[in-house]
Structure formats: C-alpha cells, structure tokens
1. Can you list residues whose amide H is under 5 Å from Arg225's amide H, if they're 5+ apart or on another chain and H is modeled 1.01 Å from N?
2. For Tyr386, which sequence-distant residues (separation of 5 or more, or a different chain) have an amide H within less than 5 Å of its own amide H, given hydrogens modelled in the peptide plane?
3. So, in nm, how far is label Lys200 from label Ser342 when the simple model puts each one 7 Å beyond its Cα toward the Cβ?
4. Could you sort out which of Lys168/Lys428; Lys201/Lys286; Lys133/Lys201; Lys133/Lys189; Lys168/Lys189; Lys188/Lys306 sit more than 20 Å apart by Cα distance in this structure?
5. Skipping prolines and chain starts, which residues have an amide H placed within reach, meaning under 5 Å, of the one on Leu113, given they are 5 or more residues away or on another chain?
6. Report the full-extension gain for the segment Lys133 to Val217: residue separation times 0.36 nm, less the Cα-Cα distance, to one decimal in nm.
7. Between Trp312 and Leu349, how high is the FRET efficiency from 1/(1 + (r/R0)^6) when r is the Cβ-Cβ distance and R₀ = 25 Å? Nearest 0.05.
8. Quickly work out the Leu420-to-Leu169 label distance, labels modelled 7 Å from Cα along the C-beta direction, and quote it in nm with one decimal.
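Coordinate-derived values only; no laboratory data. Being a predicted model, the structure only gives us computed values, none of them experimental. Here the Cβ positions follow ideal geometry from the backbone for every residue, glycine too, while neighbour counts run over all protein chains shown.
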Amino acid sequence: MRKSITGTLLFCLLLLPCPAGDTPAKNIYFSGSFYLDWYGARYQQTDSIDQLSARIRFDLFNRPGSGWTLKLDGRNQLNLNRNTDNRVILYDASLTYDKTGSPLYFSAGQLNLYDTGGIGQLLGGVIGYRPSKFFLIGGYAGLESNVYIKYMESDYWRFGFFGQYQGKLGKRLSISFNQIQYSGVSEKKYLYFSGMIPIKKYLVLYGNTEYQLGQDVDSQDRLSRLFFFLRFDPSSLFDMVMHYSSGKGLDFHRFALEKSQDPSLNDRNLERFYYSRQYGIRANLKPSQNLRFSLARMEMEQKDRKIQNHTWIFSGAAVDILKTGISSYGSYRLNRGDISESDSYDITLNKDFGRISLSASFTNTYNYLRFDGKSNLPQLIHRDDYKTLSTFIFIVFSRQLAASFEYEYYLQENADQHLLFIRLIYRKY
C-alpha cells in the first residue's frame, strides 16, 4: 500500500516542469496547476472510504493560440481502503497547433470536442482550416474515448465534420455531422448545433441540440437533445434567466466526470442529470449592490415513466452585511409532484478574513441514485430525514499556493455519516 501511495505522488510530481532559472529554457511558456486531494468518509454501519488523488494541468511551449501547445490534464486516483490499482483519469492530453494569422489548425491526442463536434471525449485527431479569422472548418476521427483510460473501448470509432464561427463579444456558432461505428457497423449518425449569441449587453442566448439521422430512428425521437439558456439583464436592478432542456434522461457520464473532478459534489444536484425534461424561469431583484432576491419556477419530467414534479424556489442573498465581511444565502424549495421530495431549505453563512475564508451551511434533504436490480435502470431516491451540516475553509498562503478544507456531517436516524475533503493547490502562471 505504501508503494502505491508513493507511486500516486510521483506520477504527478515527475510531470511538473522544473523551474527554468537562468537557463535558455526560461523562454518556454508554462502555465499550470497541481492539486493534491484527500477524500474521506466515515459511515456508522458500513466501511469507510479514504481516497488519495493528484491532478496536474498545464499548457507548455506556447500560449494557446500562439503556435504549438502541449496540453495535459490528468489525475491519478487511489482508494486506500481496498487493494486496487491506481485509477488514471485523462481529461486532456494533446498537442495542438493554433496560431493567430495562420489558416491551419491541428490537434491530436486525448481531446475534448464539446465546442466543435459536441461529442465530448475523443482519442484521435482534428484537422481544420480557417478561410478567415472568424471561421474554422475541419474534420475529426478517432476512438470513442473514456476519461478512465483503463476502460478504453477499441471497437467504437467516431468521425465527423464541423464548421465554427467565432465573432466579437463571445459570439460563437457551430454545426457538425457526427457518426459512431461499432465493429465497422454504423450505430449512430446525427447533426449537432450549438451557439452563444450576445445581443448588445443585456441579452445572451446559449443553446445546443442533436438531430438523429439514422434510418431506424422514429420521427418523434429524431430531436434527441435540446437545450437553451437565455439571460435578460436590462438594468442593475433586475435580471431574468430562462432555461429548457430535453434529452435522453440521465447523463450519468457527465455526472461521473464532474464527480471525478470534485468528489465532494453533493448528490442533491442529481436532478439536472436525471430528468429527461426540465424547464424553468428565475427572476432576480437587486435593490442594492449587496442585496439580492430571487423567485424561480421549475418543472421536471421523466417522459418515459410519465413522472412530473413542480418546484417553486424562494431565495435571497446579502453580501458584506453592515461591512462586517459576513455574507449569507438562503433558499426554500416548495416541492410538489408524483415523486417529489418534501419541502426543503438551505442556509449558508460566509466570512472573509483576508487570506482566510470561512463558510458554514445547513440543508435538510439528500438525494442519491439506486439501480433497479432487474432492469438496471437508475432511480432517484430522496431521503427526507437527512440533514446536512457542512463547513468550508479556504486559505491563500501566497499567489501560487492555497488550500481548502471541507467537512460535512449527515444526520440520519441510525446512520450518521462524516465526510472530509482536503485539497492543496499550487498554480504557476
């Protein structure tokens, strides 16, 4: 076990570039960060969890957009309670050529193609051409990838073509044709559209959609995913947010990805991955710079099971109350529907002491996933008797070095639980 822990640390420490000092290598661009995490959980009636991980992220050689850039973003994760191998997670490991003024674009390795193809992870390559500084057209090909490199599937292949427009004020539009093949047989063909359109300074629209092209797809299922988000911000006193999403249901791959980056991600956020349709609107009132009130209405639906839930959310926030450095946030959720949880609330207090920030919060609900043993379908389970008390401390030691400490205590009859998450952060710019 000691040997495995040492290997976990060396994995990332060996990847950290040495300081350049006064050598010719000082002209090589480097920007990156290093995270060392420990995640622990203690349960009253089951085994405990101790997980150690290290993550390295950096850009090397040139700034992105200035020529050849080597990107690496990976994590080595070790479960200390079980006799298991290190789990290597590779978010990004690529060599990219992208230079302002050059019409050529190239990238190869473990890639993330959410912006261009909308396909997520790819182990392969991308080639592109810029007919102007605003447009990029190109294609990609490679294996359908998984961030957990131990579970790579060599029978799945992806390829496609894309076009992208990037304008001023963050305006971005893209369209792509994508195909997935398994053992040489076409499994899925679809078009993907995405865009972010700012209109002056008070309106922003963002959205993406998938349209299936396969011959065996029913007409009512061709629009397999639709999402849009609109923010209307006409003044400093008022803004409004609207959103709509409809898709295949539980996006467990995305949840697992986010969970691997932050093990303390609370499972009460599962609704946004689980329901096959969600839509809502939130209005925010800002009577002063330090005071904010919100009223939101949300509808959630599992279309395949014809389950509908309805939620009203009342919330408010106050920053730097009476110039004491204390801030507070609170919300109350009025839940109704077929499998809705009980009404819930959460309260958070923050205090900033300069280099040290403290936070404490309390909430009265907890959600988790359970898979049906017969059909292996996920079910969202609400535990209304859970109450969670959590504290968070963030310390800045210097411009490069910081640390965070998080503790959560779950109160439930006959099943008290404790969670502790510690993170050490080093950044180099």
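1. Glu210
2. Tyr366
3. Between Lys200 and Ser342, the simple spin-label model gives 4.8 nm.
4. Result: Lys168/Lys428; Lys133/Lys201; Lys133/Lys189; Lys168/Lys189; Lys188/Lys306 exceed 20 Å.
5. Correct list: Ile119, Gly120, Gln121, Leu122.
6. 26.4 nm
7. 0.55
8. Between Leu169 and Leu420, the label points sit 5.1 nm apart.
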